[in-house]
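Chemist: I'd like to ask some things about the structure below.
The values are calculated or read from the model by the stated rules, or taken from the named source; none is laboratory data. If you're wondering where the values come from, they're calculated on a predicted model, not measured in any experiment. Because the Cβ atoms are built from the backbone with ideal geometry, glycine has one as well, and the counts that use them run over all protein chains shown. Note: areas computed on protein heavy atoms with side chains; ligands, DNA, RNA excluded. Shrake-Rupley method; radii C 1.70, N 1.55, O 1.52, S 1.80 Å.
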Number of protein chains: 2
Amino acid sequence: LKNEKNNKPTIGKSGEFGFIEKIRSAMKTKNPSVVLGIGDDAAIFKPTLGHELIFTTDMLVEDRHFDFKWITPWQLGAKTMAVNVSDCAAMGAKPTVALVSLGVPKNFPVPDLEAFYDGLKQWGESYGAQIVGGDTVGSDKFVVNVALVGEVEKGKALKRSGAQAGDALFVTGNLGDSAAGLHALQHPSAKGKEAAPLLIKKHLTPVPRFTVGRALSTQKMATSAIDISDGLSSEIHHLCEESGVGAEIHEEALPFSEALIHYCDENQLDPLPFVLHGGEDYELLFTVPLAKISEVIQKLPGETGVAVKSIGRMVPKSKGITLITRKGQRIPLEAKGYDHFTAKDKA
Amino acid sequence: LKNEKNNKPTIGKSGEFGFIEKIRSAMKTKNPSVVLGIGDDAAIFKPTLGHELIFTTDMLVEDRHFDFKWITPWQLGAKTMAVNVSDCAAMGAKPTVALVSLGVPKNFPVPDLEAFYDGLKQWGESYGAQIVGGDTVGSDKFVVNVALVGEVEKGKALKRSGAQAGDALFVTGNLGDSAAGLHALQHPSAKGKEAAPLLIKKHLTPVPRFTVGRALSTQKMATSAIDISDGLSSEIHHLCEESGVGAEIHEEALPFSEALIHYCDENQLDPLPFVLHGGEDYELLFTVPLAKISEVIQKLPGETGVAVKSIGRMVPKSKGITLITRKGQRIPLEAKGYDHFTAKDKA
């Protein structure tokens with residue numbers, strides 16, 4: 001990216017209003033619920049009768065959440081939208097409208113900014129989210145904030161707070177791939193070249209579990225749900241705290257990808273910390289009452305195209321949050337996810 | 001602020017999750033339309049029947065939009081909410097729910113962050129906006145983004161696009177005070193000490209014209225509206241472009257405050273550039289059809305407690321956007337508002 005900058009027009013030269021005009025014509029409204037899109041003091045949209053609205057936001061800061069050495073502007077746009085859609089999926093809702101706020105350095109090339117918006121737009125639209133406005137300001141580092149509104153049938157939203165002792169604990173897909181992908185980006189001389197691209201792809205362009213969230217909410221299969229942005233060990237703590245329960249997780253049930261195992265084998269790494277504490281997988285963690293377990297196992301993967309796996313069960317709060325190792329040892333599972341302030345900077 | 005930092009706990013020590021917990025208990029939901037507030041993957045709220053929703057966002061970046069030398073954390077919180085409520089007011093809508101995304105430096109003192117949230121919360125609640133969640137991340141500079149949803153009776157939103165040739169052009173309050181307040185902050189040795197505090201107050205804690213926006217929309221008094229964030233000369237261009245009309249503005253009709261005139265006299269400054277191009281007044285600029293002019297003049301100030309003044313009229317697009325000087329000269333009014341990329345940095 002950096003080498004090309006001199007040849008490209010920059011946002012500093014074309015200016016904010018010129019750029020807004022460009023974006024505006026690229027973002028023409030198609031969504032019938034949008035009454036007024038980009039270009040006024042605010043957008044206007046119509047809620048659907050019988051639905052509640054969900055509202056979520058995520059901010060990504062250059063050199064903290066991403067590094068343009070590794071991620072293309074298009075990928076960053078796609079990922080920013082994906083992490084917001086993931087929150088929406090964790091509520092069982094459908095995304096509808098989004099606002100994009102950007103802090104952009106003066107020397108940022110306009111074609112890169114257009115690619116960034118393309119990524120945002122394409123990923124948004126593939127989940128039904130229309131970009132209806134935003135704010136663009138100057139900044140030393142690239143900062144993006146997406147705010148997303150979604151809809152969910154009244155009373156059917158998935159919350160963190162509904163889990164009961166006795167419920168089974170499920171997770172979608174595989175865990176730890178994204179953190180291993182980050183490891184591969186940070187260690188270009190690492191071995192395991194066959195596995196690295198898969199892991200890196202999971203890190204740079206995560207796919208939100210939208211279809212699973214919708215199936216769980218509309219078919220009332222889950223008592224609670226959360227998306228895994230900060231790592232399984234953190235998210236299970238959030239879920240348990242909100243629900244007032246404990247949990248037992250079986251190490252042998254955790255879903256490891258072949259790519260992760262291969263990469264860790266080749267580099268003599270223990271895959272378990274990636275799976276337990278690695279962030280940014282954007283898989284869904286959810287709880288299922290006993291009566292619904294067979295339905296989830298038999299129907300959900302076919303309906304959604306996403307693998308789901310039971311990794312443990314919910315227990316009374318007094319029993320805490322425990323990992324049962326392959327050898328049958330019970331050890332307390334501490335939250336070791338990413339904290340933006342106490343942790344070292346992430347790239 | 002800086003001298004005190006060493007004695008205060010910082011966000012870097014208490015961590016993201018500790019801080020979220022603190023904020024959460026301070027932000028307990030009171031608004032009946034909020035189904036689920038802070039603490040889940042997303043907030044949930046209920047739209048009111050017969051209403052459309054408006055959606056707006058603003059991002060403020062340290063050393064671009066504000067400087068902690070001059071603004072307290074509480075004031076910054078209040079101002080961030082005010083600029084979003086101002087967008088909502090320009091649509092004639094009532095704010096309902098807000099999300100706050102923050103990029104915070106590690107050494108930022110927790111008491112200052114609490115004061116910032118207090119400002120946000122108090123100003124939000126005074127206009128009916130409940131903070132229902134957000135995102136808090138690490139950043140070199142302080143960055144805040146507020147996303148705001150509001151409600152407006154179906155079909156009654158004020159847009160930029162409804163002005164017609166022949167409509168009268170109105171503005172609320174006085175213009176230029178905020179830019180003069182910024183001038184006073186940047187020139188501590190300037191004269192006009194009696195006037196400066198009023199001007200600085202307008203710059204640091206602008207009051208959004210919420211009551212005026214609501215009266216205009218519910219009583220259908222305006223054909224279009226926009227808030228003045230980037231300066232009158234910029235905003236009239238936006239309004240005219242969206243409406244497909246031109247405008248004539250009379251210099252002698254522009255509302256100057258006594259504080260601005262005094263400050264400019266004392267410092268041998270021309271007040272006109274402040275009034276025409278100074279940003280961040282957050283007054284409303286709106287157009288009124290002939291049949292409603294007397295109603296606006298006679299009823300609106302009494303109902304809303306806000307002065308309004310007719311400063312010109314809308315004309316066919318072919319006539320352009322003109323300033324008629326005190327001497328009767330007609331000169332084209334160019335947009336000279338603030339552009340974050342082409343302008344010098346603002347403090």
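Chemist: Could you go through the range B:158-168 in sequence order and give the Karplus-derived ³J(HN,Hα) for each residue, using 6.51 cos²θ - 1.76 cosθ + 1.60 with θ = phi - 60°, rounded to whole Hz, and x for Gly and Pro?
Modeler: 7, 10, 7, 9, x, 5, 10, 4, x, 4, 7
Chemist: If the viscosity is 0.890 mPa s and the temperature 25 °C, what Stokes-Einstein diffusion coefficient in µm²/s follows for chain A when Rh is the Kirkwood radius over Cα pairs?
Modeler: On the way: Rh = 21.1 Å.
The Stokes-Einstein estimate is 116 µm²/s.
Chemist: Trypsin sites (Lys or Arg not before Pro), restricted to the range B:209-316: which are DSSP loop and have at most 14 other Cβ atoms within 10 Å? Let's see the in-between values first.
Modeler: Numbers: sites: B:Arg209, B:Arg214, B:Lys220, B:Lys292, B:Lys299, B:Lys309, B:Arg313; in loops: B:Arg209, B:Lys220.
Listed in order of number, the matching sites are B:Lys220.
Chemist: Now for a separate question. Quick one: how many Å² of A:His65 are accessible to a 1.4 Å probe, rounded to 10?
Modeler: Here the residue's solvent-accessible area equals roughly 30 Å².
Chemist: For the modelled label position 7 Å from the Cα of B:Ser126 along Cα-to-Cβ, which residues of the range B:139-176 have backbone nitrogen atoms closer than 18 Å?
Modeler: In the range B:139-176, the label zone of B:Ser126 (backbone N under 18 Å from the point 7 Å along Cα→Cβ) covers B:173-174.
Chemist: Before we go on, tell me the buried accessible area for the B/A pair, both chains summed, 1.4 Å probe, in Å² to the nearest 100.
Modeler: On the way: alone 16160 and 16190 Å², together 26350 Å².
Interface between B and A: roughly 6000 Å².
Chemist: For B:Ser224, what residues show an amide H to amide H distance below 5 Å, using hydrogens built from the backbone and excluding near sequence neighbours?
Modeler: B:Thr287
Chemist: Grab every C-alpha pair in the range A:95-251, bin the distances at 5 angstrom width from 0 up to the longest one, and report whole percents.
Modeler: 2, 7, 12, 14, 16, 17, 14, 10, 6, 2, 0, 0
Chemist: Related question: Would you mind checking which residues have amide H under 5 Å from B:Ser257's amide H? H placed 1.01 Å from N; only 5 or more apart, or other chain.
Modeler: Under 5 Å from the amide H of B:Ser257 lie the amide H atoms of B:Leu175, each far enough along the sequence or on another chain.
Chemist: Please give the charge dipole size of the protein assembly as shown, origin at the Cα centre, charges +1 on K and R Cβ atoms and -1 on D and E Cβ atoms. Round to the nearest 20 debye.
Modeler: Values: 78 positive and 84 negative charges, 135 e Å.
Dipole of the protein assembly as shown, to the nearest 20 debye: 640 debye.
Chemist: As a test of the formula, what do you get for chain A when each DSSP H run with n ≥ 4 contributes -39,500 (n - 2.57) and the sum is divided by the residue count, at 222 nm and rounded to the nearest 500 deg cm²/dmol?
Modeler: Working: 11 runs with 118 residues, N = 347.
Mean residue ellipticity at 222 nm (helix-derived): -10000 deg cm²/dmol.
Chemist: Another question about this same structure. At A:Arg326, label 7 Å along Cα→Cβ: distances to the other copies, nm, ascending?
Modeler: Here A:Arg326 shows inter-copy label distances of 8.7 nm.
Chemist: Summarise the partner chain shielding of B:215-224 as one whole number: the mean count of Cβ atoms from other chains within 10 Å of each residue's Cβ. Could you put the intermediate results ahead of the total?
Modeler: Values: counts 0, 0, 0, 0, 0, 0, 0, 0, 0, 1.
The shielding value for this peptide is 0.
Chemist: If you count, for every residue in A:129-142, the Cβ atoms of partner chains within 10 Å of its Cβ, what is the mean?
Modeler: 5
Chemist: Here is a follow-up. Subtracting the Cα-Cα distance from 0.36 nm times the residue separation, let me have the gained length for A:Asp140 to A:Asp63 in nm, one decimal.
Modeler: On the way: separation 77, 0.36 × 77 = 27.72 nm, distance 1.15 nm.
Result for the pair: 26.6 nm of gain on full extension.
Chemist: Moving to a separate point now. How many times 2.2 N^0.38 Å is the alpha carbon radius of gyration of the range B:186-280?
Modeler: 1.26
Chemist: Next question. How compact is the range A:217-347 by the rule of thumb for globular proteins, expressed as Cα Rg over 2.2 N^0.38 Å? Could the numbers behind the result be given before it?
Modeler: Details: Rg = 15.4 Å, N = 131, 2.2 N^0.38 = 14.0 Å.
Expressed relative to 2.2 N^0.38 Å, the Cα Rg reads 1.10.
Chemist: Ok, one more. Pairs of Cα atoms under 8 Å, at least six residues apart: use those to get the relative contact order of chain A, whole percent.
Modeler: Working: 792 pairs, mean separation 73.8, N = 347.
Over chain A, the number comes to 21 percent.
Chemist: What translational diffusion coefficient, to the nearest whole µm²/s, does the protein assembly as shown have by Stokes-Einstein, given a Kirkwood radius computed over alpha-carbon pairs, a temperature of 10 °C and 1.306 mPa s viscosity? Kindly include the intermediate steps, with their values, before the conclusion.
Modeler: Working: Rh = 26.4 Å.
Translational diffusion coefficient: 60 µm²/s.
Chemist: Ranked highest first by average number of other Cβ atoms within 10 Å, how do B:193-205, A:148-160 line up?
Modeler: The peptides rank, most packed first, as A:148-160, B:193-205.
Chemist: Give or take rounding to whole Å, what are the principal axis extents of the alpha carbon atoms in the range B:232-277, in descending order?
Modeler: For the range B:232-277, the Cα spread along each principal axis is 41, 16, 13 Å.
Chemist: Determine the share of chain A's accessible area contributed by carbon and sulfur atoms, expressed in whole percent, with a 1.4 angstrom probe. Kindly include the intermediate steps, with their values, before the conclusion.
Modeler: Working: 6740 of 13180 Å².
Carbon and sulfur together cover 51 percent of it.
Chemist: Skipping prolines and chain starts, which residues have an amide H placed within reach, meaning under 5 Å, of the one on A:His51, given they are 5 or more residues away or on another chain?
Modeler: Correct list: A:Lys154.
Chemist: Roughly how crowded by other chains is peptide A:98-107, in terms of the mean Cβ count from those chains within 10 Å of each of its Cβ atoms? Could you put the intermediate results ahead of the total?
Modeler: Details: counts 3, 8, 2, 10, 2, 10, 2, 1, 4, 0.
Partner Cβ neighbours, averaged per residue: 4.
Chemist: Subtracting the Cα-Cα distance from 0.36 nm times the residue separation, let me have the gained length for A:Ala165 to A:Leu49 in nm, one decimal.
Modeler: On the way: separation 116, 0.36 × 116 = 41.76 nm, distance 3.46 nm.
Taking 0.36 nm per residue and subtracting the Cα distance, the gain is 38.3 nm.
Chemist: With a 1.4 Å probe and all protein chains left in place, how much accessible area per residue does chain B have, in Å²?
Modeler: On the way: 13160 Å² over 347 residues.
Result: 38 Å² per residue.
Chemist: Taking θ as phi - 60°, what are the ³J(HN,Hα) couplings along the range A:33-46 by the Karplus curve (6.51, -1.76, 1.60), each to the nearest whole Hz, with x for Gly and Pro?
Modeler: Per-residue couplings from phi come out as 7, 8, 7, 8, x, 4, x, 10, 5, 8, 7, 10, 9, 9 Hz.
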